[in-house]
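Structure, as structure tokens:
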Amino acid sequence: MKKALIIASVASMIDQFNLSNIEILSSLGFQVEIATNFVECGNISIEKCEKLYGLLKKYDANIVTAFSGNECISVIDKMHV
């Protein structure tokens, strides 16, 4: 299976800029891996952040919450994308 890794510093970046990319990749058969911060969501509300998490799960995305750049690097190493 083809994989795609999307990394964003905060969940709002996924919501505002990458959601359509995730939809497209998923429809093309990619396993989408997402590394972002769902604890400090950026400029969206906690409620919207929680809804986004649920929506991404509907795309069968593997979601990893990372809190720093170093954690993102560790996530990339573990995913072998």
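The values are calculated or read from the model by the stated rules, or taken from the named source; none is laboratory data. All figures in this text were calculated on a predicted structure; none of them were measured in a lab. In this analysis, Cβ positions are derived from the backbone assuming ideal geometry, glycine residues included, and neighbour counts consider all displayed protein chains. The protein model used for the area step is the full one, side chains on, heavy atoms only, and it has no ligands, DNA or RNA in it. Shrake-Rupley method; radii C 1.70, N 1.55, O 1.52, S 1.80 Å.
Extending 7 Å from the Cα toward the beta-carbon at both Q16 and L55 defines two label points whose distance is 1.4 nm.
Segment E23..S9, full-extension length gain: 3.1 nm, with 0.36 nm per residue of separation and the alpha-carbon distance subtracted.
Rounded to the nearest 0.05, the FRET efficiency derived from the C-beta distance between K48 and K2 at R0 = 25 Å is 0.25. Per residue, the accessible area of segment 1-62 comes to 58 Å² when a 1.4 Å probe rolls over the protein heavy atoms.
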